[in-house]
Amino acid sequence: MQELNQYFEDYNVGDKRTTPGRTITETDIVMHAMHSGDFFPHHVDAEFAKKGPFGKRVAQFSLTHSIGIGLTAGQINHKAFTYGFDRLRFPNPVFIGDTITTIVTIKEKKDDPKRPEFGIVVEACEIQNQEGKCVCYSEHVLLVERKKV
């Protein structure tokens with residue numbers, strides 16, 4: 001894990017980083033179903049899923065987002081705090097055996113009128129499968145400490 005002390009002023013719009021990959025397993029889907037209660041048959045019932053639009057089981061969208069964002073934790077900034085996620089979308093399914101990777105791009109920086117000691121940094125998080133298809137997109141909104149002047 002890389003630990004940072006990166007202030008708001010140190011972020012640059014357009015900077016990118018890519019996480020290592022992670023293969024989604026049947027165990028991931030089953031454990032996520034147990035934790036979340038999402039036992040919809042298109043996730044956990046192979047025979048049911050065969051009749052569906054994808055012909056096989058798909059990972060829960062919340063699993064895809066959780067693992068994809070979890071991959072970004074290889075870099076921790078002690079000066080930044082998650083404020084939330086915006087624009088969460090799932091344009092393509094994830095299947096058992098798919099390997100996902102997250103590309104994080106600094107999309108925007110702006111002032112926080114409520115908290116002048118912080119700035120807001122928006123990270124575009126695009127989770128891709130092994131074919132480079134976007135399987136999840138979200139914008140991670142961070143509150144980041146400003147340098148003391």
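The values are calculated or read from the model by the stated rules, or taken from the named source; none is laboratory data. Because the structure is a prediction, the values reported are computed rather than measured. Cβ atoms come from the backbone with ideal geometry, glycine included; neighbour counts cover every protein chain shown. The accessibility values were calculated without ligands, DNA or RNA, using every heavy atom of the protein model including side chains. Shrake-Rupley method; radii C 1.70, N 1.55, O 1.52, S 1.80 Å.
Those residues that are open to solvent by less than 60 Å² (accessible area, probe 1.4 Å) and either of a type in the set (Val, Ile, Thr) or farther than 30 Å from His43 by Cα (or both), I need them from region 95-116; list them, please.
Thr99, Ile100, Thr101, Thr102, Ile103, Val104, Thr105, Ile106, Asp112
I'd like the residue in region 17-65 that is in contact with a strand residue (DSSP E or B) (Cβ under 9 Å, 6 or more places away or on another chain) and aliphatic (A, V, I, L, M) and, out of all such residues, is surrounded by the fewest Cβ atoms within 10 Å (Cβ to Cβ).
Ranking the candidates gives Ala49 first.
So for region 66-89 (the condition being surrounded by 13 or more Cβ atoms within 10 Å (Cβ to Cβ), among the β-branched types (Val, Ile, Thr) and farther than 24 Å from Tyr11 by Cβ), does at least one residue qualify?
Yes, there is a match, as at least one residue in region 66-89 is surrounded by 13 or more Cβ atoms within 10 Å (Cβ to Cβ), among the β-branched types (Val, Ile, Thr) and farther than 24 Å from Tyr11 by Cβ.
Are there any pairs with C-beta distances below 7 angstrom linking a residue in region 120-142 that is in a loop (DSSP other than H, G, I, E, B) to a residue that is open to solvent by less than 20 Å² (accessible area, probe 1.4 Å), with the two at least 6 apart or on different chains, and if so which?
Hits for this filter: Asn129/Val94; Asn129/Asp98; Asn129/Ile100; Asn129/Val135; Gln130/Asp98.
Filter region 117-128 down to the residues that are open to solvent by 10 Å² or more (accessible area, probe 1.4 Å) and touching a Phe, Trp or Tyr at 6+ places or on another chain (Cβ under 6 Å) and list them by number.
Once the filter is applied, which keeps residues that are open to solvent by 10 Å² or more (accessible area, probe 1.4 Å) and touching a Phe, Trp or Tyr at 6+ places or on another chain (Cβ under 6 Å), region 117-128 yields only Glu126.
For the structure I just gave you, tell me whether Asp38 is part of a loop (DSSP other than H, G, I, E, B) and within 23 Å of Ile100 (Cα to Cα).
Yes; evaluated as a whole, the condition is true for this residue.
Can you tell me which residues in region 130-142 are of a type outside the set (Gly, Ala, Ser) and open to solvent by less than 20 Å² (accessible area, probe 1.4 Å)?
Correct list: Val135, Cys136, Glu139, Val141, Leu142.
Quick one: is Gly119 modelled with pLDDT of 95 or more, on the phi > 0 side of the Ramachandran plot and small (Gly, Ala, Ser)?
no
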